[in-house]
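The values are calculated or read from the model by the stated rules, or taken from the named source; none is laboratory data. Every value quoted in this text rests on a predicted model; they were computed, and no experiment measured them. Here the Cβ positions follow ideal geometry from the backbone for every residue, glycine too, while neighbour counts run over all protein chains shown. For the accessible areas, the whole protein counts, side chains as well, though only heavy atoms, and no ligand, DNA or RNA atoms are used. Shrake-Rupley method; radii C 1.70, N 1.55, O 1.52, S 1.80 Å.
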Amino acid sequence: MKVLDSELMKGYARMAMDGYNWGWHERNGGNLSYRMKSEEVEELKEDFRYDGEWQSIGWQAGDENAFPGLAGEYFMVSGSGKYFRNIELDPAANVCILQLNETGDRFRIVWGLVKGGRPTSELPTHLANLEVCKARDPQIRVVYHCHPTNTIALTFVLPLDSRVFTREIYEMATECPIVFPEGIGIVPWMLCGGKLIGDATAEIMKTQDVAVWAHHGAFCCGYDFDLTFGLMHTVEKAAEILVKVLSMSPNKLNTIQPDQFRQLNAPFGVQINEKFLYEKKDGRIGQLPE
Ligand code: 2HA
Ligand code: ZN
């Protein structure tokens, strides 16, 4: 089968367009990677070419990237400098499928980027995340990076502390702790595109599905495009409510209390991490645990 006719390509392009339509992909912002299933590789292999040169994964000076946990695997990845708004229009020019070598430290392009280019500048972070996510749960295949407006705005006014950020987001929508009971991790501002920020993000993704990059954007992971997009959408929706609340008042008159969150655990089959359910002194938004 041709890659362009596959359900995988359609699902990938739809997610890219959804993110663009939500305003999370200005210019060439954001990137999306998918670790392919072996049956998808088998089905699409006839459309691959194996004459591409093996290339190193890091593009910043001194970066030595190796992902032995992903050796030999295939990934659908957006192109560096490509615009999400063009992906659906011309997937073959804006997306590629790459294969890692048997030691996981080189890749070659087997499909796509037909007008030239490299995979996303954030490839080290994507592969670092996909590697730890695979070790945590082999069903996790999608890693998504975008620039969601309200989530980013909050990184200027909330303490850059995973507990506070998560708790304030949780309080904005009952659904949040059910969708991401392990909360949101925070990466302070760091140089993007390199190994250091990749490692910091992957440290979070060992246990959490969402990582916010202060003053930049967010990363999330999931089993498939629907779940991963839905996760980002849920976080950003709650962030938008918080921005509205903060624009009215620095304090909340009413909110969801820790014991009310705990009531969600049994009926929804989740275990909300207790570190987010600390007591607060008053309704002030952004207070640190005692
Ligand atoms: O330009 O979003 O973080 C792509 C990015 C880099
Ligand atoms: Zn970015």
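As a length-normalised measure over Cα pairs under 8 Å and 6 or more apart, the relative contact order of the chain settles at 19 percent.
Between 261, 48, 156, the residue with the greatest mean-square fluctuation in the GNM of the chain (Cα pairs under 10 Å linked by springs) is 156. Counting only Cβ charges, +1 for Lys and Arg and -1 for Asp and Glu, the dipole size of the chain around its Cα centre is about 620 debye.
Accessible surface calculations at 1.4 Å, restricted to protein heavy atoms, place the chain at 45 Å² per residue. Around the amide H of residue 110, modelled in the peptide plane, lie the amide H atoms of 97, 98, 99, all under 5 Å away and 5 or more residues distant in sequence or on another chain. Counting only protein heavy atoms and a probe of 1.4 Å, the accessible surface of the chain is 52% carbon and sulfur. For the stretch 43-99, the ratio of Cα radius of gyration to the globular rule of thumb 2.2 N^0.38 Å stands at 1.31. In the chain, the DSSP-assigned H stretches of four residues or longer account for a calculated mean residue ellipticity at 222 nm of -11000 deg cm²/dmol, using -39500 (n - 2.57) per stretch and the full residue count as denominator. Quick note on the chain: its Rg to Rh ratio, both from C-alpha atoms and Rh being the Kirkwood radius, is 0.99. Each Lys and Arg adds +1 at its Cβ and each Asp and Glu adds -1 at its Cβ; summed about the Cα centre, the stretch 198-290 shows a dipole of about 380 debye. Beyond 30 Å in Cα-Cα separation lie the following of the pairs 134/281; 206/252; 244/275; 2/206; 37/244: 134/281; 206/252; 2/206; 37/244.
Extension gain, residue 6 to residue 207: 0.36 nm times the residue separation minus the Cα-Cα distance gives 69.2 nm. Between 126, 61, 25, the Cα set farthest toward the positive side of the dipole of the chain (charges on each charged residue's Cβ, about the Cα centre) is that of 25. Note on the chain: with a GNM built from Cα contacts shorter than 10 Å, the maximum mean-square fluctuation among 80, 38, 121 falls on 38. A Gaussian network model of the chain, with springs between Cα atoms under 10 Å, assigns the largest mean-square fluctuation among 163, 141, 262 to 262. Computed from the alpha carbon atoms alone, the convex hull of the stretch 193-272 holds 142 Å³ per residue.
For the stretch 34-116, the Cβ-based charge dipole about the Cα centre amounts to some 320 debye (Lys, Arg positive; Asp, Glu negative; other atoms uncharged). Considering all alpha-carbon pairs of the stretch 80-213, what whole percent are spaced by more than 21 angstrom? Cα-Cα pairs of the stretch 80-213 separated by over 21 Å account for 50 percent. Considering only 201, 215, 245, and ranking their Cα positions along the charge dipole of the stretch 194-274 that arises from unit charges at the beta-carbon of Lys, Arg, Asp and Glu, the one farthest toward the positive end is 245.
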